[in-house]
Amino acid sequence: MLRVLFFARLREQLGCESLELASEPGIDSIAALRAALSERGPVWKEALADANLLAAVNKSLAEPGTPLVSGDEVAFFPPVTGG
């Protein structure tokens, strides 16, 4: 099982704060998870297509190739700016 969290404008776009997905053999990286979630419909595809979207696995920043295993918590969020 993967726990997936969405933050900021991404959460608003998707109308979804979090979801749990059964671990599937093909969903073994951040890139694969993004691709699978993008298949949920046009809104998901548009929101997850943002090239600046960041991801974290178990609260550590992750790259598209970062591997995923059952029990991981994945967060997607837009870039954050500060002042």
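Since every read-out is calculated from the coordinates, none of them should be taken as a lab result. None of the values given here were measured: they were computed from a predicted structure. Here the Cβ is made from the backbone with ideal geometry for all residues, glycine too, and neighbour counts use every protein chain on show.
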Test: residue in region 16-23 that is charged (D, E, K, R), part of a loop (DSSP other than H, G, I, E, B) and either touching a helix residue (DSSP H, G or I) at 6+ places or on another chain (Cβ under 6 Å) or crowded, with 16+ Cβ neighbours inside 10 Å (or both): yes
Consider region 34-75. How many of its residues are assigned to a helix (DSSP H, G or I) and over 15 Å from Ala8 (Cα atoms)? 9
Yes/no for Pro79 being farther than 19 Å from Ala22 by Cα, part of a loop (DSSP other than H, G, I, E, B) and in contact with a helix residue (DSSP H, G or I) (Cβ under 7 Å, 6 or more places away or on another chain): no
